[in-house]
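Structure first, commentary second.
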Amino acid sequence: MRILEGKKRSFFTHLTWHEFFAAVHLILFIAQEEFRRCMDTFKDPHWVVVTRFLFGICNSTSYEDLKVIFPSWMIKDYKEKKNILKSLITLEDRDDISEDVIRLSGWVHEANDSEISQKFQECMPQLIKMRAPSYPTEASDVVFAFNTFTTPHNLNLTMLSSDNSSAETLLRGLHGSQTKIKALNHWDVPMTDSTTQALLPHLDVMDKLDSDEEKLSLKNRFILHEAVERLTNPQGLTVNRIKGDRWSKYWYLYIHQPDDDVMQILQLPLGKIKGLNIKDVRMTYSTTQALLPHLDVMDKLDLDEEKLSVRNCIILHEAVERLTNPQGLTVNGINGDRWSKDWKVYKDQPDVDVMQILQLPLGKIKGLNIKDMRMTDPTTQALLPHLDLMDKLDLESRSTDMNLNLSWKIFPRK
């Protein structure tokens, strides 16, 4: 684009200026038939900015402003061209309509025109399934466009590469609109304090939420669990494939999670923890003691006993055995009354640990798995008194293992 001023020649070097003046020329000065022949060109990704400018110029307010600058006889077929542009507002027949929705939303935002908005609403399905915009400007476009809806629409939204600013813009902008977020997957987006707060008002109308809690601070995990628990119908929301009323009281502790975080969860009021997964956490004596009061109201506990000291392991087994209703608690998929007397000895576990288990009072060991260890004379002798009360023994017999070979001779006498 250049301007001639006498003998001087001036240039607009920035491409945006070229694109703007191209749009002005197309919308104002060429005949509608020629304009119509450009329809396929407008769909070209290289023309995306020009097309957006076209929609901005066809806004009625912009048109009135342009009539002041340009005499009316210069402006050709303005209304007809606007109708031609409206015909561009359609969705391609494909599974993923995300890019189309974001592009059309940009046109609607730029036009800010009731006729354009109505055409956009008419082409949108009742249930919109899409990836969230990656950039805040795109998120603003989608928010504007969806807020022009005059009839209810539902939205299934997946946040893959969105930043927190885009996520927050969407969540805050859509709240209170005719577009209800029914399903949200923000697994790949770390949630900040502000995005967590922006999410909360949507929970009451949502059916499904997929969230990577490991990306949440402990503070925001507490906020989200409490918000789901307070819902009018928490069963109506599924969080990570778990019904909301259950998920709000189900906790997962992650590898490398600080002991302070573990303690804060275990210091929740009794009844706030119904299920707990601590498989990835090495439990200390303090955290083990903090867990004990919750056992009586819990129904599921998943742990890795190999990460427990033998002292803490014995404490937990005895605590489960003493429960009012140990059958009401499932530990690692086993009913508590059974698990409390079911023991496993791990590879490289010190003999002193094994002896502590085998020195438990008779009747405390109903099942024993010693496949991963080689029994010594003392541990073999310590095992023998328990055999009469046991119903399950898992071991790996080797031809060179004299202790086990001799032990087999004991069984007929039992």
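Label points 7 Å out from Cα along the Cβ direction at residue 321 and residue 200: separation in nm?
Spacing of the two 7 Å Cα→Cβ label points: 4.6 nm.
Of all beta bridges DSSP finds with both residues in the chain, what is the antiparallel percent, to the nearest 5?
The antiparallel proportion sits near 20 percent.
Give me log10 I(q)/I(0) at q = 0.17 Å⁻¹ for segment 160-227, Debye formula, one equal scatterer per alpha-carbon, no solvent.
Ignoring solvent entirely, the Cα scatterers give -0.55.
Once the piece of chain linking residue 126 and residue 306 is laid out straight, how much longer is it, given 0.36 nm per residue of separation minus the C-alpha distance between them?
Result: 59.6 nm gained on full extension.
Anyone know which of 309, 72, 248 comes out most mobile in the 10 Å Cα GNM of the chain?
Result for the chain, Cα springs under 10 Å: 72 fluctuates most.
For segment 38-86, compute Rh as the Kirkwood radius over C-alpha pairs and then the Stokes-Einstein diffusion coefficient at 20 °C and 1.002 mPa s; write the answer in µm²/s, rounded to an integer.
It diffuses with D of about 183 µm²/s by this estimate.
By per-residue mean of other Cβ atoms within 10 Å, what is the highest-first order of 164-171, 359-366, 21-28?
164-171, 21-28, 359-366
Between 390, 74, 373, where does the largest GNM mean-square fluctuation fall for the chain, given springs only between Cα atoms within less than 10 Å?
Judging by the Gaussian network model, the answer is 74.
Taking the chain as a Gaussian network, where each spring joins two C-alpha atoms under 10 Å apart, which residue of 111, 227, 31 fluctuates the most?
31
Distance check, please: which entries in 347/371; 219/272; 279/366; 279/364; 274/392 exceed 19 angstrom between their Cα atoms?
279/366; 279/364; 274/392
Enter the mean projected area of the convex hull around the alpha-carbon atoms of segment 1-151, in nm², rounded to one decimal.
The directionally averaged projection comes out at 10.5 nm².
How long are the three semi-axes of the equivalent ellipsoid for segment 191-325, computed from the Cα gyration tensor as the root of 5 times each eigenvalue, in whole Å, largest first?
Result for segment 191-325: semi-axes of 28, 17, 11 Å.
Can you give me the P(r) profile for the chain? Cα pairs, bins 10 angstrom wide beginning at 0, each as a whole percent.
That works out to 4, 17, 18, 15, 12, 11, 9, 7, 5, 3, 1, 0, in percent per bin.
Bear in mind that the values in this text are calculations on the coordinates, not laboratory data. Just so you know, these numbers come straight off a predicted model, no measurement behind them. Methodologically, a virtual Cβ is constructed for each residue, glycine included, from the backbone with ideal geometry; neighbour enumeration extends over all protein chains shown.
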